[in-house]
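Nothing in this text is a laboratory measurement; each read-out follows from the coordinates by a stated rule. All of these numbers come straight from a predicted model, not from anything done at the bench. All Cβ positions, glycine included, derive from the backbone under ideal geometry; neighbour counts span all protein chains shown.
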Amino acid sequence: MGAITYDMEIPSSIPAAKMFKALVLDADTLIPKIMPQAVKNVEMLEGDGGVGTVKLIHFGEGSQFKSVKHRVDALDTENLTHSYSIIEGDALMGVIESITYHVKIVPTEDGGCICKNRSIYHTKDGVEISEEKIKEGKEKAMVMFKAIEAYLQANPEKTNYMPLFE
C-alpha cells in the first residue's frame with residue numbers, strides 16, 4: 001500500500017471557534033443545507049459523533065459518487081483539531097484503501113483563522129493517483145470551505161446559526 005500526502009491552508013476572516021463549529025461539529029446538518037448538490041444527507045451508523053463514530057454520507061445530485069463511509073478518528077474541540085477517514089464507498093474508486101484527513105483551525109491575530117488540512121490517500125499496491133485527481137480533490141475541498149465561510153459571513157449576527165433551519 002502506498003500513501004500520497006498533500007497539505008492545504010485556507011485563510012478566512014471567520015473566527016477560529018466559529019469556523020470549527022461549522023466545518024466540523026455542525027457539518028452534517030449545515031453542508032446539506034447550503035450545498036445540497038454536494039451532500040444530500042449524513043446518516044449516523046455507529047457512535048455519538050465522537051471518536052469512533054461511523055457515518056454514511058450520501059452525495060447530492062451534483063456529485064459523480066453515491067456515498068462514502070466516514071469514521072471519526074480524533075476530535076479535540078479545545079485545540080480545534082479533527083481527524084477522520086473515508087473507509088468505504090464509491091469515491092475510493094476501487095484503487096484507494098482509505099483517505100485520512102487531519103484538520104486544524106488556527107486563530108490569526110486579525111480575528112480570523114487559517115484552516116490547515118492534510119489529506120493522506122492510502123492507495124492499493126501499485127496504484128498511482130494523478131496530479132489532476134489530487135487537484136480535483138483540493139478544488140472540491142476549497143469550494144466547500146468557501147461555501148461555509150460565505151454562509152457564516154452572510155449571517156454574522158448568528159453565533160448559533162442552526163435555528164435558521166428549524
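What's the total number of residues in region 109-119 that are assigned to a strand (DSSP E or B) and either surrounded by fewer than 17 Cβ atoms within 10 Å (Cβ to Cβ) or under 12 Å from the mean Cα position of the chain (by Cα) (or both)? I'd like the intermediate steps shown before the answer.
Step one: of region 109-119, the residues assigned to a strand (DSSP E or B) are 113-119.
If we keep only those that are either surrounded by fewer than 17 Cβ atoms within 10 Å (Cβ to Cβ) or under 12 Å from the mean Cα position of the chain (by Cα) (or both) as well, we get 114-119.
So the answer is 6.
Do we have any residue at all in region 137-157 that's in contact (Cβ under 8 Å) with a residue 40 or more places away in the chain, outside any helix (DSSP H, G or I) and within 26 Å of V54 (Cα to Cα)? No, region 137-157 has no match at all.
Can you name the residue in region 63-85 that is among the aliphatic types (A, V, I, L, M) and closer than 12 Å to T53 by Cα and, of all such residues, is surrounded by the most Cβ atoms within 10 Å (Cβ to Cβ)?
Step one: of region 63-85, the residues among the aliphatic types (A, V, I, L, M) are 68, 72, 74-75, 80.
After this cut, where a residue has to be closer than 12 Å to T53 by Cα as well, the list is 72, 74-75.
On the way: V72: 20, A74: 12, L75: 16.
So, considering only residues that are among the aliphatic types (A, V, I, L, M) and closer than 12 Å to T53 by Cα, the one surrounded by the most Cβ atoms within 10 Å (Cβ to Cβ) is V72.
Cβ-Cβ distances below 9 Å connect the following pairs, each with a first residue in region 105-133 that is among the hydrophobic types (A, V, I, L, M, F, W, C), a second residue that is in a loop (DSSP other than H, G, I, E, B) and surrounded by 15 or more Cβ atoms within 10 Å (Cβ to Cβ), and a separation of six or more residues or different chains: I105/L80; V106/L80; C113/I14; C113/P15; C113/L80. If you filter region 1-32 down to residues that are more than 12 Å from H82 (Cβ to Cβ) and free of Cβ contacts under 8 Å to residues at least 60 places away in the same chain, you find that the one that is surrounded by the most Cβ atoms within 10 Å (Cβ to Cβ) is P32.
Could you tell me whether V106 is assigned to a strand (DSSP E or B), under 18 Å from K138 (Cβ atoms) and among the aliphatic types (A, V, I, L, M)?
Details: assigned to a strand (DSSP E or B): yes; under 18 Å from K138 (Cβ atoms): no; among the aliphatic types (A, V, I, L, M): yes.
Against the criterion (assigned to a strand (DSSP E or B), under 18 Å from K138 (Cβ atoms) and among the aliphatic types (A, V, I, L, M)), V106 does not qualify.
Checked against (1) without any contact (Cβ under 8 Å) to a residue 24 or more places away in the chain; (2) loosely packed, with under 15 Cβ neighbours inside 10 Å, L45 passes all but a single condition, namely (1).
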